[in-house]
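Okay, structure first, notes after.
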Amino acid sequence: MYSDYNDSYSIFYGTRQNMINSYDELITPYQAIELIRKSIGDERNDELFYDRLIEQAQTEKEKSIIQDIRDNEKKHNMILREVYYDFTGQMLQNNMNMMQDNMQNNLSYTENLEKALFGELEAVNKYRKILSVMPQGKWYTLIMSIMTDELRHSAKYNYLIHMAAMQ
C-alpha cells in the first residue's frame, strides 16, 4: 500500500530526501560550525548596534528594554564562543571592523527598530539550522536558549515599534 504511494510521490516530486533538502533546512556539521563562527560576529555586531539604538531611545522604559536585549547578545557571544571552542578547539578573536559599520548608521529610531526586528528573526532561522545538527545535551540546550531569546527579542522589538508609532 505505502510503496505505491512512495513510488508515485517520487515520480512527480522526486525523492523525499531531495524535497527536504530543497528547503535549505538541513545543514552539515561543518556548515553549523561556520554558522556559529559567523554568529559570534553577528552577536557582537548586534551588541554594538543596540548601543546606538539605546542612544536613540526616547524613554527610560525603551532604553531598559533595549539594554536587556543588548546584554543578552553579550551572553550569546560568550556561549557561542564556548560552543565553537568545544567543537573546534580554537578561540576566536574579536573583530573590531564591525564597530565602524555601526558608527555610520544614520537611520531613524523607528528604522533602526525595524532593522533590529528583522535581524532577530533572521537569527532565529540561523539558530534553527545550527540546532538541527547539535547533539542532545549541553550544546543543544545552549543553542535552544539563544534561539528562544531571539524570539523574545523580536516580540520586544515589535512592542517598541508599536510604541514609537504611537508617539
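Every number here is computed from the coordinates shown, using simple stated rules; none is lab data. Quick caveat, the model's predicted, so the values are computed rather than measured. When we count neighbours, we look across all protein chains shown, and the Cβ atoms used for this are built from the backbone with ideal geometry, even at glycine.
Which pairs break 19 Å Cα to Cα here: Lys63/Lys115; Lys38/Lys156; Lys38/Lys74; Lys75/Lys115; Lys38/Lys126; Lys129/Lys156?
From the list (Lys63/Lys115; Lys38/Lys156; Lys38/Lys74; Lys75/Lys115; Lys38/Lys126; Lys129/Lys156), the Cα-Cα distance tops 19 Å for Lys38/Lys156; Lys75/Lys115; Lys129/Lys156.
Amide H to amide H, which residues 5 or more places from Met134 or on other chains are under 5 Å from it, using H placed in the peptide plane?
none
Once the other residues with Cβ under 14 Å from the Cβ of Gly89 are scored (Lys, Arg +1; Asp, Glu -1), what is the net sum?
Value of the local net charge: 0.
So, R0 is 22 Å and r is the distance between the beta-carbons of Thr28 and Leu131; what FRET efficiency does that work out to, to 0.05?
Result of the calculation: an efficiency of 0.95.
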